[in-house]
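Below you'll find the structure, written out as structure tokens, and then a few comments.
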Amino acid sequence: FPSHDISVTVTTVTGITSGDVIGIQLDNGSAHWTTVNGVPVGNVVSLTVALPSAAANGSRVVLNRWL
């Protein structure tokens, strides 16, 4: 995904909901943490804050939901 993308495509959106905390591994080795902005469409997840730098296809994506 290029820098400044506001969405990511994932393998599955099962269990992903608006407001979930999402982390994407960036090419520079750091993680970008933001929240899911709205219900995923297809396998595309919208982000509240755009990626600050590039993330390659196949990068790790993790979710956290606060209860």
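None of the figures in this text is laboratory data; all of them are computed from the coordinates on show. Every value quoted in this text rests on a predicted model; they were computed, and no experiment measured them. We place every Cβ from the backbone using ideal geometry, glycine too, and count neighbours over all the protein chains shown.
List of remarks:
- Electrostatic bookkeeping for SER46 treats Lys and Arg as +1 and Asp and Glu as -1; over the other residues with beta carbon under 15 Å from its beta carbon, the sum is -2.
- Taking label positions 7 Å along the Cα-Cβ direction at both ASN37 and TRP66, the computed distance is 1.9 nm, reported to one decimal.
- Summed residue charge, Cβ within 11 Å of VAL36's Cβ, Lys/Arg positive, Asp/Glu negative: 0
- 3J(HN,Hα) along the stretch 45-54, derived from phi through the Karplus expression 6.51 cos²θ - 1.76 cosθ + 1.60 where θ = phi - 60°, amounts to 10, 7, 10, 6, 10, 4, 4, x, 7, 5 Hz, with x in place of Gly and Pro.
- Backbone N atoms of the stretch 5-27 closer than 11 Å to the 7 Å Cα→Cβ label point of VAL44 belong to residues 6-9.
- Kirkwood Rh in Å, taken over the chain so that all alpha-carbon pairs contribute: 11.7
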